[in-house]
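A short worksheet on the structure shown next.
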Amino acid sequence: MIKLYETGAYLVNGTQLIPDGPDAAAQLHQAMGERIPTKEEAARQTMAYSILEAHNTSGSMEKLRIKFDKLTSHDITFVGIIQTARASGLEKFPVPYVLTNCHNSLCAVGGTINEDDHMFGLSCAKKYGGVYVPPHQAVIHQFAREMLAGCGKMILGSDSHTRYGALGTMAMGEGGPELVKQLLGQTYDINMPGVVAIYLTGKPAKGVGPQDVALAIIGAVFANGYVNNKIMEFVGPGVANLSADFRIGIDVMTTETTCLSSIWETDSAVKEFYEIHGRSGEYQELKPGAAAYYDGVVEVDLGEVKPMIAMPFHPSNTYTIEELKENLEDILDDVEKRAKVSLGGAVDFTLRNKVRNGQLYVDQGIIAGCAGGGFENICDAADILRDHYIGADEFTLSIYPASTPIYMELAKNGRLADLIKSGAIVKTAFCGPCFGAGDTPANNAFSIRHSTRNFPNREGSKLQSGQIASVALMDARSIAATAANKGYLTAATEVDADFTKPKYFFDGSIYANRVFDSKGVADPDAEIKFGPNIKDWPPMCALTEHLILKVVSEIHDPVTTTDELIPSGETSSYRSNPLGLAEFTLSRKDPAYVGRAKAVQAAEKAREAGEDAKAALPELQEVYAAIRANVSDTQITMENTGIGSTIFAVKPGDGSAREQAASCQKVLGGWANIANSYATKRYRSNLINWGMLPLLIPEGALPFANGDYLFLPGIREAVADAATQIQAYVVKNGGLTPFTLTLGELTADERQIILDGCLINYNRVK
């Protein structure tokens, strides 16, 4: 079904793969019958290279400085981004910037908070020249597909699933500060990423959908990091056998592989997509050169893919539905073992009580958002459910079309009536089921979802309140088959459905009548509307000459998600209030973290005010005494030695692009993370942009524990001088025990951001 190449490979004429090795030159010569390219020349023949080259401003393809064509954010992120940009001197949006309202769409929790954010967004679109998409019109990524994407373009979004590669657009999801840089005319700076070919052959079997293909790929590449921070380039004869909607459904899930971005060959199916949406001028054919070199290859036989399920609590925990049924007890036992790690033993978790007469019973089905809410997914689900009924037991089914134009067409072609008749509830465009807001199941319930993630609490339960439900990811077709079977797990290949594949007609008047589009014209006189929950970022001081850090949380899970660093769901209403949101930091993973961090921060605030830090935090008496007793440098004083907190996590940052995973630590006095590695480039960038040191320590070499104090002398000089190694000490029992940390590669701008204390300070200094 899926094969990973152990070496790089050449793709000749878009069809023939030649693995790199001693015989590669001869095979290339035979295949091409002409002068064969060097590996370096062939690497420049990928689609990814061409698009990056067209957007690079550095003059070097090794050290990229990218300027994007368009930006997009939603209502969890755009307030903080604009507030940061305003504090840094924003006068006008220099490129099209779309503000969608698909996350905090429900305005019942938190009083006026969510709608206040929406009005802030609308007023900023007027003042700075942006586009404002009202709540329930479209989820962020569907609007981008319909109205923003263009072949050969690049889009940056403040949501992790910013992926439009299937439409020929290289898109990346990053934390808010990276969008701030673009708004201020700065660049997105990365080393030239590796490019991995996703070589598709064959044609999907009837009943197999895009989520099935996506989960199969994620299961093959996540744990081994095969595509980590690389670009996935979809090529091969199998591409032509997939509709545009099918490709989109695979593409959006590439985020869960931890890749940097994605790009696909384009053809008549993509051309038709742009024509349907009235934007035919955005189409151009994209394909690799005659001989393109890739750093790796994932070969996928689409015909061998079977209906898949990703069991709790990660999209990579994949099985075929057939395999799950055949090995039900063993797999449920494995899920329980994983739950002990993911949930930290906070609650008892089991799915064994869902087994009824040897079958797995499901309590809820959801088809939603940027992954599941597409036209083709919902139409196929409706075809399966036609003349079937979900029953009157626990099982429920909710469907969220990804945009109002899709909803309109479902109403016109009759599929909406089929779904409602079956017992399904069809709702408006909303991302809630993807991040834990809306459709929260009952305690101990099990939900199957065609959405993006199934991390703990993504269904809305609260471990701290003793509540736990769980999510498995599946394709819309198998969710519909399960619904038709009244909640008993069923693969779509087990039912005989007539997939009618109706044509899609896009009605652009829906957006023309409701979306505010400034056409890029700013109105400096427009007044920004601030709700009482919209707060400015607190002051953040520059990096001091030396640092004392207290370890206030220690996490040894193999991977720590951004959901665990700052929970999703109900906390979203506070994302415009930095200090209010910070109260939730690590609340589901380490509830004592906030109190510990605040205690350390009180000492730093006293130091900054010229007061006695030791009086604010008496345990610092011993720390200072140990430093003075063991360090001869008389230049180390309380005035030039900052006091902050840090956390250790094995591999933090998997998942969301949300900058708050880092900024919440910062506003609570965090100065660093220490990790064996960082799960994603975007989380490490978030740390840097908030002035936090992204420190590394070798696996297994952990000389400190939670509650210990660390001393980093000369840290400012080390950052300024681009030192790769940082000398540190554990301060304990009156002595200093040395150990070494590393920083990894930092650009000159990134080093200066850390020195200045955060991106806001950096831009103010500039």
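The values are calculated or read from the model by the stated rules, or taken from the named source; none is laboratory data. Worth saying up front: this structure is predicted, and the values here are computed from it rather than measured. Note that we place each Cβ from the backbone using ideal geometry, even for glycine, and neighbour counts take in every protein chain shown.
How about segment 713-750: which of its residues are assigned to a helix (DSSP H, G or I), surrounded by fewer than 20 Cβ atoms within 10 Å (Cβ to Cβ) and either out of contact with any Leu (no Cβ under 9 Å at 6 or more places or on another chain) or at pLDDT below 95 (or both)?
Passing the criteria: Glu717, Ala748, Asp749.
Out of (1) without any contact (Cβ under 8 Å) to a residue 60 or more places away in the chain; (2) out of contact with any Gly (no Cβ under 7 Å at 6 or more places or on another chain), what's the single condition that is false for Lys598?
The failed condition is (1).
Residues Gly531, Gly580: which one is of a type in the set (Gly, Ala, Ser), over 27 Å from Ile688 (Cβ atoms) and either modelled with pLDDT under 95 or not assigned by TED's automatic domain parsing to the domain that holds Ala657 (or both)?
On the way: Gly580 fails: over 27 Å from Ile688 (Cβ atoms).
Being of a type in the set (Gly, Ala, Ser), over 27 Å from Ile688 (Cβ atoms) and either modelled with pLDDT under 95 or not assigned by TED's automatic domain parsing to the domain that holds Ala657 (or both) holds for just one of Gly531, Gly580, which is Gly531.
Within segment 380-401, take every residue that is surrounded by fewer than 24 Cβ atoms within 10 Å (Cβ to Cβ) and of a type in the set (A, V, I, L, M, F, W, C) and give me the one that is nearest to Ile468 (Cα to Cα).
Within segment 380-401, the first condition is being surrounded by fewer than 24 Cβ atoms within 10 Å (Cβ to Cβ), and the residues that meet it are 383, 386-396, 398.
So of that shortlist, the ones also of a type in the set (A, V, I, L, M, F, W, C) come out as 390, 392, 395.
Working: Ile390: 24, Ala392: 23, Phe395: 17 Å.
Ranking the qualifying residues of segment 380-401, first place goes to Phe395.
Given (1) within 28 Å of Lys681 (Cα to Cα); (2) buried (at least 22 other Cβ atoms within 10 Å of the Cβ), identify the lone condition not met by Val208.
Against the list (1) within 28 Å of Lys681 (Cα to Cα); (2) buried (at least 22 other Cβ atoms within 10 Å of the Cβ), Val208 comes up short only on (1).
Can you name the condition, by its number, that Ser316 falls short on among (1) outside any helix (DSSP H, G or I); (2) modelled with pLDDT of 95 or more; (3) surrounded by fewer than 24 Cβ atoms within 10 Å (Cβ to Cβ)?
Among (1) outside any helix (DSSP H, G or I); (2) modelled with pLDDT of 95 or more; (3) surrounded by fewer than 24 Cβ atoms within 10 Å (Cβ to Cβ), the lone unmet condition for Ser316 is (2).
Condition check ((1) touching a residue at least 24 places away in the same chain (Cβ under 8 Å); (2) surrounded by fewer than 19 Cβ atoms within 10 Å (Cβ to Cβ); (3) basic (Lys, Arg)) across all residues:
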residue: Pro618; (1), (2), (3): no, yes, no
residue: Gln621; (1), (2), (3): no, yes, no
residue: Ala626; (1), (2), (3): yes, no, no
residue: Asn630; (1), (2), (3): yes, yes, no
residue: Thr637; (1), (2), (3): no, yes, no
residue: Ile643; (1), (2), (3): yes, no, no
residue: Thr646; (1), (2), (3): yes, no, no
residue: Val650; (1), (2), (3): yes, yes, no
residue: Gly653; (1), (2), (3): yes, no, no
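Quick one: Ala220 ticks every box in (1) out of contact with any helix residue (DSSP H, G or I) (no Cβ under 8 Å at 6 or more places or on another chain); (2) within 30 Å of Ile406 (Cα to Cα) bar one, so which box is it?
(2)
What's the number of the condition Ala197 fails, among (1) surrounded by fewer than 24 Cβ atoms within 10 Å (Cβ to Cβ); (2) touching an Asp or Glu at 6+ places or on another chain (Cβ under 6 Å)?
Of (1) surrounded by fewer than 24 Cβ atoms within 10 Å (Cβ to Cβ); (2) touching an Asp or Glu at 6+ places or on another chain (Cβ under 6 Å), only one is false for Ala197: (1).
If I ask for residues that are at positive phi and basic (Lys, Arg), which ones from segment 479-528 would you list? If you could, list the steps in order and put the result at the bottom.
Residues of segment 479-528 that are at positive phi, as a first pass: 486-487, 501, 519-520.
Lys486, Lys501, Lys519, listed by residue number.
What do you reckon, is Pro738 free of Cβ contacts under 8 Å to residues at least 24 places away in the same chain and either charged (D, E, K, R) or over 15 Å from Thr562 (Cα atoms) (or both)?
Numbers: free of Cβ contacts under 8 Å to residues at least 24 places away in the same chain: yes; either charged (D, E, K, R) or over 15 Å from Thr562 (Cα atoms) (or both): yes.
Criteria met by Pro738.
Only one of Lys651, Lys605, Lys598, Lys666 is touching a Pro at 6+ places or on another chain (Cβ under 7 Å) and basic (Lys, Arg); which?
Lys651
Each row is one residue, and each column tells you yes or no for (1) surrounded by fewer than 21 Cβ atoms within 10 Å (Cβ to Cβ); (2) of a type in the set (Ser, Thr, Tyr); (3) assigned to a loop (DSSP other than H, G, I, E, B).
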{"site": "Glu299", "(1), (2), (3)": "yes, no, no"}
{"site": "Gly303", "(1), (2), (3)": "yes, no, no"}
{"site": "Lys306", "(1), (2), (3)": "yes, no, yes"}
{"site": "Glu322", "(1), (2), (3)": "yes, no, no"}
{"site": "Leu332", "(1), (2), (3)": "yes, no, no"}
{"site": "Lys337", "(1), (2), (3)": "yes, no, no"}
{"site": "Gly345", "(1), (2), (3)": "yes, no, yes"}
{"site": "Phe349", "(1), (2), (3)": "no, no, yes"}
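In segment 75-156, which helices (runs of 4 or more DSSP H) lie fully inside it and hold 3 or more residues that are modelled with pLDDT under 95 and buried (at least 20 other Cβ atoms within 10 Å of the Cβ)? Spell out how you get there, then give the answer.
Working: elements: 78-87, 113-128, 140-147.
Of the helices (runs of 4 or more DSSP H) lying wholly inside segment 75-156, those with at least 3 residues that are modelled with pLDDT under 95 and buried (at least 20 other Cβ atoms within 10 Å of the Cβ) span 78-87, 113-128.
Quick one: how many residues across segment 277-294 are over 19 Å from Ala43 (Cα atoms), touching a helix residue (DSSP H, G or I) at 6+ places or on another chain (Cβ under 7 Å), in a loop (DSSP other than H, G, I, E, B) and of a type outside the set (Ser, Thr, Tyr)?
Final tally of qualifying residues: 1.
Scan segment 202-242 for residues that are among the polar types (S, T, N, Q) and within 26 Å of Lys651 (Cβ to Cβ) and jot them down. Show your work before the answer.
The first filter runs over segment 202-242 and keeps only residues among the polar types (S, T, N, Q), leaving 211, 224, 228-229, 241.
Result: Gln211, Asn224, Asn228, Asn229.
Cβ-Cβ distance below 8 Å, separation of 6 or more or different chains: which pairs start in segment 528-549 with a residue that is under 18 Å from Gln752 (Cβ atoms) and end on one that is of a type in the set (Asp, Glu)?
If the second residue must be of a type in the set (Asp, Glu), the pairs left are Cys541/Glu608; Ala542/Asp756; Leu543/Asp756; Glu545/Glu717.
Those residues that are among the hydrophobic types (A, V, I, L, M, F, W, C), buried (at least 23 other Cβ atoms within 10 Å of the Cβ) and in a loop (DSSP other than H, G, I, E, B), I need them from segment 560-585; list them, please.
Ile566
Going residue by residue through segment 23-42, is there one that turns out to be assigned to a loop (DSSP other than H, G, I, E, B), at pLDDT 90 or above, surrounded by 14 or more Cβ atoms within 10 Å (Cβ to Cβ) and on the phi < 0 side of the Ramachandran plot? Steps first, please.
Here is the first cut: in segment 23-42, the residues assigned to a loop (DSSP other than H, G, I, E, B) are 23, 33-38.
If we keep only those that are at pLDDT 90 or above as well, we get none.
Checking segment 23-42: not a single residue is assigned to a loop (DSSP other than H, G, I, E, B), at pLDDT 90 or above, surrounded by 14 or more Cβ atoms within 10 Å (Cβ to Cβ) and on the phi < 0 side of the Ramachandran plot.
Would it be correct to say that Ser478 is under 28 Å from the mean Cα position of the chain (by Cα), hydroxyl-bearing (Ser, Thr, Tyr) and assigned to a helix (DSSP H, G or I)?
Values: under 28 Å from the mean Cα position of the chain (by Cα): yes; hydroxyl-bearing (Ser, Thr, Tyr): yes; assigned to a helix (DSSP H, G or I): yes.
So Ser478 fits the description; yes.
Would you please name the residue that is nearest to Gly168 (Cα to Cα), looking only at residues in segment 45-67 that are in contact (Cβ under 8 Å) with a residue 24 or more places away in the chain and part of a loop (DSSP other than H, G, I, E, B)?
The residue in question is Thr46.
Would you be able to say whether some residue in segment 444-462 is part of a helix (DSSP H, G or I) and not aromatic (Phe, Trp, Tyr)? Reasoning before the result, please.
Let us first name the residues in segment 444-462 that are part of a helix (DSSP H, G or I), namely none.
Scanning segment 444-462, I find no residue that is part of a helix (DSSP H, G or I) and not aromatic (Phe, Trp, Tyr), so the answer is no.
Please give the number of the condition Phe704 fails out of (1) more than 30 Å from the chain's Cα centre (by Cα); (2) surrounded by 18 or more Cβ atoms within 10 Å (Cβ to Cβ); (3) outside any loop (DSSP other than H, G, I, E, B).
With (1) more than 30 Å from the chain's Cα centre (by Cα); (2) surrounded by 18 or more Cβ atoms within 10 Å (Cβ to Cβ); (3) outside any loop (DSSP other than H, G, I, E, B) applied to Phe704, the lone miss is (3).
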